[in-house]
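Just below is one structure, and these are the notes that go with it.
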Amino acid sequence: MTAGLEPWAADQFIYGILSQDATLMNLLSTAYQSHTIEPGLVPSENVPEIYSDTVPPDVTYPYVVFQMHTPIGDVEIENNIIVMSVMDYLVRVVDRSQSYSAIAPIYGQIHSLLHKATGTVADGVVFNCYRIRPYKMPEIDDAISYRHMGGIYRVQVQS
C-alpha cells in the first residue's frame, strides 16, 4: 500500500464489489435486454458496465457510475500522521427511461453490497462504507428522459 492513494483505493473497492457481483450484473443485463429500441437508434453491442467518473458516448443503458462527491478530509494523529481519509461517493444507476421501475431493483442490489461494507484492496483498506443519503434525479436532455437512482456513501479508507 502506498500512502496518499486513498481515493484510488476507494475506487478499487467500489468497482471490485460491484463488478464481481453476479446478481448485480444479471440485473443490469436483464434490464438492458428488456429495453425497447426507439426508431432510428441502433442497439449497442456493449454489455452493461460499471464506470468510474465518466461514461463513454456509446454507453449501454442502464449503467452504473460512481465518482467522488465530496472529499471530507483526513483523520490525523500527532505530527500530522494521516491514519485515514474520509470521502463521500455518489454511486448511481442511470437509465434512459421515463420510469424508475427498471433501475429500482438494480439500485437495491447496489445498496445491499455497499452499505456497511469493508474490505482490503491492493492500495488500501476500507474501514467502513455506508450510505449517508439517498439520491434520485429525473433528467430530460434533448427531449430524452433519463432516470438516476442511487446513494451517497461515506467511505473511510487508509492507504
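Of note:
- Scanning the range 125-159 for residues that are touching a helix residue (DSSP H, G or I) at 6+ places or on another chain (Cβ under 7 Å) and either part of a loop (DSSP other than H, G, I, E, B) or among the aromatic types (Phe, Trp, Tyr) (or both) yields a count of 2.
- Total residues in the range 43-58, condition modelled with pLDDT under 85 and under 16 Å from Arg92 (Cα atoms): 1
- Looking across the range 77-105 at every residue that is in a helix (DSSP H, G or I) and not hydrophobic (A, V, I, L, M, F, W, C), the one that is modelled with the highest pLDDT is identified as Pro105.
- Residue in the range 106-124 that is part of a loop (DSSP other than H, G, I, E, B), touching a helix residue (DSSP H, G or I) at 6+ places or on another chain (Cβ under 8 Å) and either modelled with pLDDT under 95 or of a type in the set (Gly, Ala, Ser) (or both) present: yes
- The single condition from (1) under 17 Å from the mean Cα position of the chain (by Cα); (2) buried (at least 17 other Cβ atoms within 10 Å of the Cβ) that Gly124 fails is (1).
- Count of the range 133-159 residues which are touching a residue at least 24 places away in the same chain (Cβ under 8 Å) and closer than 30 Å to Met84 by Cα: 13
- Here Ser19 fits the description: loosely packed, with under 13 Cβ neighbours inside 10 Å, under 24 Å from Ser112 (Cβ atoms), at pLDDT 85 or above and hydroxyl-bearing (Ser, Thr, Tyr).
The values are calculated or read from the model by the stated rules, or taken from the named source; none is laboratory data. These numbers were taken from a predicted model, which means no experiment stands behind them. With ideal geometry, Cβ positions are generated from the backbone for all residues, glycine too; neighbour counts draw on all protein chains shown.
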